[in-house]
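For reference, the structure is listed below as structure tokens.
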């Protein structure tokens, strides 16, 4: 226990996760507060506002059992910090960075503020190392690069966790030897089973020694979730930028995080904007998502994959909407495809990787990759149009060309998108599969491919 | 004047301090022991409300607040070009030298390098009387741009002393002016300081007659912007706002580009930073960076600095305008700026209007966009500031306040379309929802280059509109049930979309399209449509037209024929005519 500072006794007001305390002096904004409940149990809180001898404090572990007279508070004079050390790999922590696996505290003098500092845009290195995930729908159509932040937009009941676990298991860099890597996993408000699923998955693939978990599960106080992703990213940044490791950060589920933020904002009586979320939701999310990337001259990287469930599958809901504005693309899962038995049900058109263009092609993946991906997109979007038409006039009435497109669409979903949960395809395999599908269509339809590429791969004549 | 107050309350980026009775509105203050930079935005008795441009974590009530006696200002002088600043004009490379990868708090850096020397050539002699804004010297800052230093707009008088040609640092006095009414002699360095929130004066507006060419066909041909005009690019996420802004920043026919990354992604700014120095400006043959100033206040940087970043950017733009240059400002994204306003307004507990935005949002937007325009500068030149603002409507819904208010103050609307973006049709500018009110102003400019321009443009536009109507019917009955004439419309419109409207900004040939190439391409497409129509009327089918040998060459002419190869277009035109003759037989 930290023994610095005065301990104050008694509160003015308790309201939801917040309390107001009077008569304090020398208290800083965003300072951490150690609270002792009347029954002697310790809690942690943070100052949200100070002024004129008064401080507003949010309690991370909930205000249940606190009373206005018997509660004591001690202001620690620092922001919220977590210890960081390589020893933390393989361990499990709670949402505030305290051990949860029954093992002792981390022995290190290195501590970092969980809020981090903004990366200087000038110091960033533009990400362009292709990561092969072994999933065609991602590698071929929405390639990920090291240092990217690419979320999975999903819905309740869709297999986002299985997919994230598969990516974590299979992801590797092309053409480079083994490099130190780590996975940092942050769970916000998810069920114990979900956390267990990930733990099992990591154990099965033998990487759990490289995984650090920060778990704030569904039955933990919701306010704690505000700290969980920040604690995880602080540790990830330490590994990446100070230890030179490549870190994949999995954050699940960001919707729960945003709900916790809304809860606090409402408790403070702030003016709500869309759907009751605070007006600063964008800035707040950015302070999490922007903590990904590479730095000039640094060896490591932070790649972020946030999972969020879209309430009633609505992509225009503020959480996926604002996320999409910050992240570098999105992988959207589609319920209809899932129900037709397609795994992974990656929706072809709304999914996008913004950093793809610089991570693929000559010298990175294969020369024809950019054009093949673009052509597949164009054809698949045409398929969507033709399907809409077919649902009106009937498939029989379609022109012969349109029927070919229908066939292409079916094969695209059944053969290229669909794959097994343990199936790990190389980018070469994915590309060849793409060509196989394109050959269903007449040559003249493939206007996004160059003449040379068509000659080599469509006609089968090497140039 | 040395005013020092005391912090009494802290709420996020908003700090209240007492003992500030003598301080002025919008004055810059240094807050707390870390001396964080802030600005006074409200005064009540001796209580000042301050918005702080840096993270306020750890500040305590009782810490000092020092007033600086000046409003938030921008330093203007040699050294701006090629720089990258944060929202309050702190150079990011200097910050990196100081504190590494991260931006720490309380950083104090000078915006313009004080030590570096610049080649200075005086244009006036001792004894001459200078007016405000008159150009008195030249500095070859980069090989692409020569600075023409104007007398600060608030100064005038007889030249008492002017430095001879030579190399000077920004700290050196190069000009002394004796006011006409006999006041004290004023000394000037090459740097002048101007309040960010105040428009720089000019002699008045002049009509806009020149287009600002962008090299994007859909913009230049269909929805052109005039030099000095304003445009908005609204679009949901993933529709290509930033990519369009990048393309405009690269290829716009402006002399100087000010690129404001306001609340956007860090990696995107890095992309610009890495790309621009390698890109060659087709007009000057020099690196793009030599004509670019960048302001990067990414989404995770303090929100108050985001609010001020667009003013910092446009003040820099006006400074170059005052030298007689045409300047283009790209602001990406104004929605993030509006959100910064909303956040600060919420912390100030102001009464909200639409969706929590403050009631003064439209006023602020209007003030910003009105700083664009083509003017007669104080020096007597014609020069312009064009503004292109990206708008990020939540959920891609254009009825939200920022898009709605913005569309009242701009005259060029490039609506990005989700369906086009999903089909990877870039630039995803919708030809149905976009508009440009500058068309009448700049038609004359195009007429000189191609007398058929308005007719060709209209023909293609009509074709696209027609196709939109027919597509609705085709969706119900199937395209094959339409009469051949209408099937042909669908076919040729598809050709126009793929061959003309779609443009690949990564293809070295296609990324920039000169006005000559645009008119040549239009001519071929219009002629193709005419001939095909004649064929179908004479009893041919669309399937036959589709098989015409030159079809693929027309489809790929954007990639296969470079700018400045008119002969090849002529050849293609002749080939097409011959093919149709052949088919007619």
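The values are calculated or read from the model by the stated rules, or taken from the named source; none is laboratory data. Note that this is a predicted model, so its numbers are computed, not measured. Glycine gets a Cβ as well: all are built from the backbone with ideal geometry, and neighbour counts include every protein chain shown.
Select from the stretch B:47-84 the residues that are assigned to a loop (DSSP other than H, G, I, E, B), on the phi > 0 side of the Ramachandran plot and over 21 Å from the mean Cα position of the chain (by Cα) and list them in ascending order.
Within the stretch B:47-84, B:58, B:62 qualify.
Out of the residues in the stretch B:269-293 meeting the condition of being crowded, with 21+ Cβ neighbours inside 10 Å, at pLDDT below 90 and under 28 Å from residue B:373 (Cβ atoms), tell me which one is nearest to the other protein chains (Cβ to nearest Cβ).
In this case the residue turns out to be B:269.
Residue check, residue B:477 against (1) within 36 Å of the chain's Cα centre (by Cα); (2) surrounded by fewer than 16 Cβ atoms within 10 Å (Cβ to Cβ); (3) within 12 Å of chain A (Cβ to nearest Cβ); (4) more than 20 Å from residue B:425 (Cβ to Cβ), all met but one. Which one?
That leaves (1) as the condition not met.
So which strands (runs of 3 or more DSSP E) stay within the stretch A:59-128 end to end and still have 2 or more residues that are within 24 Å of the chain's Cα centre (by Cα) and either outside the structural domain of residue A:210 (by TED's automatic domain parsing) or closer than 23 Å to residue A:289 by Cβ (or both)? Give the steps one after another, and end with the answer.
Working: elements: A:72-75, A:81-83, A:92-94, A:111-113.
Because the criterion is at least 2 residues that are within 24 Å of the chain's Cα centre (by Cα) and either outside the structural domain of residue A:210 (by TED's automatic domain parsing) or closer than 23 Å to residue A:289 by Cβ (or both), the strands (runs of 3 or more DSSP E) in the stretch A:59-128 that meet it are A:81-83, A:92-94, A:111-113.
How many residues does the stretch B:17-33 hold that are under 35 Å from the mean Cα position of the chain (by Cα) and more than 19 Å from residue B:89 (Cβ to Cβ)?
The first filter runs over the stretch B:17-33 and keeps only residues under 35 Å from the mean Cα position of the chain (by Cα), leaving B:23-31.
Keeping just the survivors that are more than 19 Å from residue B:89 (Cβ to Cβ) gives B:23-25.
Result for the stretch B:17-33: 3.
Quick check on the stretch B:100-114. Is at least one of its residues away from chain A (no Cβ under 14 Å), within 29 Å of the chain's Cα centre (by Cα), over 25 Å from residue B:174 (Cα atoms) and in a loop (DSSP other than H, G, I, E, B)? It would help to see each step written out before you state the result.
In the first step, residues of the stretch B:100-114 are kept if they are away from chain A (no Cβ under 14 Å); the result is B:108, B:110-114.
Checking which are within 29 Å of the chain's Cα centre (by Cα) leaves us with B:108, B:110-114.
Cutting the leftovers down to over 25 Å from residue B:174 (Cα atoms) gives us B:108.
Next, from what is left, pick out any that are in a loop (DSSP other than H, G, I, E, B): B:108.
Within the stretch B:100-114, one or more residues are away from chain A (no Cβ under 14 Å), within 29 Å of the chain's Cα centre (by Cα), over 25 Å from residue B:174 (Cα atoms) and in a loop (DSSP other than H, G, I, E, B).
So which residues in the stretch B:380-430 are within 27 Å of residue A:380 (Cα to Cα) and assigned to a strand (DSSP E or B)?
Result: B:416, B:429.
Can you name every residue in the stretch B:294-329 that is in contact (Cβ under 8 Å) with a residue 60 or more places away in the chain, within 14 Å of chain A (Cβ to nearest Cβ) and in contact with a strand residue (DSSP E or B) (Cβ under 7 Å, 6 or more places away or on another chain)? Before the answer, list the steps.
Restricting attention to the stretch B:294-329, the residues satisfying the condition of being in contact (Cβ under 8 Å) with a residue 60 or more places away in the chain are B:294-297, B:301-309, B:311-312, B:314-329.
Keeping just the survivors that are within 14 Å of chain A (Cβ to nearest Cβ) gives B:294-297, B:301-307, B:309.
The answer is B:294, B:295, B:296, B:297, B:304, B:305, B:306, B:309.
Scan (1) assigned to a loop (DSSP other than H, G, I, E, B); (2) closer than 30 Å to residue B:323 by Cβ; (3) within 12 Å of chain A (Cβ to nearest Cβ) for the single condition residue B:95 breaks and write down its number.
The number of the failed condition is (1).
Go through the stretch A:38-58 residue by residue and tally those that are within 14 Å of chain B (Cβ to nearest Cβ), in a loop (DSSP other than H, G, I, E, B) and within 16 Å of residue A:10 (Cβ to Cβ). Even if it seems obvious, please write down each step before you answer.
We begin by selecting, within the stretch A:38-58, every residue within 14 Å of chain B (Cβ to nearest Cβ); these are A:46-58.
Going one step further and asking which of them are in a loop (DSSP other than H, G, I, E, B), we end up with A:52-53.
Those still in the list that are within 16 Å of residue A:10 (Cβ to Cβ) too: A:53.
Going through the stretch A:38-58 one residue at a time, the tally reaches 1.
Go through (1) within 14 Å of chain A (Cβ to nearest Cβ); (2) in a strand (DSSP E or B); (3) over 28 Å from the mean Cα position of the chain (by Cα) one by one and return the number of the condition residue B:40 breaks.
Every listed condition holds for residue B:40 apart from (1).
Give the residue that is surrounded by the fewest Cβ atoms within 10 Å (Cβ to Cβ), with candidates limited to residues of the stretch B:108-125 that are in contact (Cβ under 8 Å) with a residue 40 or more places away in the chain and within 30 Å of residue B:53 (Cβ to Cβ).
Initially, the stretch B:108-125 is screened for residues in contact (Cβ under 8 Å) with a residue 40 or more places away in the chain, giving B:108, B:112-122.
So of that shortlist, the ones also within 30 Å of residue B:53 (Cβ to Cβ) come out as B:108, B:112-116, B:118.
Values: B:108: 11, B:112: 20, B:113: 17, B:114: 13, B:115: 8, B:116: 11, B:118: 20.
That would be B:115.
Pick out, from the stretch A:301-400, the helices (runs of 4 or more DSSP H) lying fully within it that include 1 or more residues that are touching a strand residue (DSSP E or B) at 6+ places or on another chain (Cβ under 7 Å).
A:318-326, A:356-359
Answer yes or no: is there a residue in the stretch B:330-349 that is more than 14 Å from chain A (Cβ to nearest Cβ), in a loop (DSSP other than H, G, I, E, B) and surrounded by fewer than 21 Cβ atoms within 10 Å (Cβ to Cβ).
If we filter the stretch B:330-349 for residues that are more than 14 Å from chain A (Cβ to nearest Cβ), which is where we start, we get B:330-331.
Narrowing the set further to residues that are in a loop (DSSP other than H, G, I, E, B) leaves none.
No, the stretch B:330-349 contains no residue that is more than 14 Å from chain A (Cβ to nearest Cβ), in a loop (DSSP other than H, G, I, E, B) and surrounded by fewer than 21 Cβ atoms within 10 Å (Cβ to Cβ).
Out of all the residues in the stretch B:479-502, which are within 19 Å of residue B:531 (Cα to Cα) and assigned to a loop (DSSP other than H, G, I, E, B)?
B:483
Of the numbered conditions (1) surrounded by 17 or more Cβ atoms within 10 Å (Cβ to Cβ); (2) free of Cβ contacts under 8 Å to residues at least 60 places away in the same chain, residue B:180 satisfies every one except a single condition; which is it?
(1)
Which is at pLDDT 90 or above and within 26 Å of residue B:14 (Cα to Cα), of A:30, A:73, A:37? First the steps, then the outcome.
Details: A:30 fails: at pLDDT 90 or above; A:37 fails: within 26 Å of residue B:14 (Cα to Cα).
Result: A:73 is the single residue among A:30, A:73, A:37 that is at pLDDT 90 or above and within 26 Å of residue B:14 (Cα to Cα).
Residues in the stretch B:133-158 that are touching a residue at least 12 places away in the same chain (Cβ under 8 Å), within 24 Å of residue B:376 (Cα to Cα) and either in a strand (DSSP E or B) or touching a helix residue (DSSP H, G or I) at 6+ places or on another chain (Cβ under 7 Å) (or both): how many?
Going residue by residue through the stretch B:133-158, those that are touching a residue at least 12 places away in the same chain (Cβ under 8 Å) are B:133-145, B:147-158.
If we keep only those that are within 24 Å of residue B:376 (Cα to Cα) as well, we get B:133-141, B:144-145, B:147-158.
Add one more test, that the residue is either in a strand (DSSP E or B) or touching a helix residue (DSSP H, G or I) at 6+ places or on another chain (Cβ under 7 Å) (or both), and what stays is B:135-140, B:144-145, B:147-150, B:157-158.
Residues flagged as touching a residue at least 12 places away in the same chain (Cβ under 8 Å), within 24 Å of residue B:376 (Cα to Cα) and either in a strand (DSSP E or B) or touching a helix residue (DSSP H, G or I) at 6+ places or on another chain (Cβ under 7 Å) (or both) within the stretch B:133-158 amount to 14.
For residue A:115, work out the one condition from (1) more than 11 Å from chain B (Cβ to nearest Cβ); (2) at pLDDT below 90 it doesn't fulfil.
Of the numbered conditions (1) more than 11 Å from chain B (Cβ to nearest Cβ); (2) at pLDDT below 90, the odd one out for residue A:115 is (1).
How many residues does the stretch A:196-222 hold that are over 17 Å from residue A:167 (Cβ atoms) and in contact with a strand residue (DSSP E or B) (Cβ under 6 Å, 6 or more places away or on another chain)?
4
Output the number of residues of the stretch A:29-45 satisfying the condition of being over 11 Å from residue A:73 (Cα atoms) and touching a strand residue (DSSP E or B) at 6+ places or on another chain (Cβ under 7 Å).
Count: 3.
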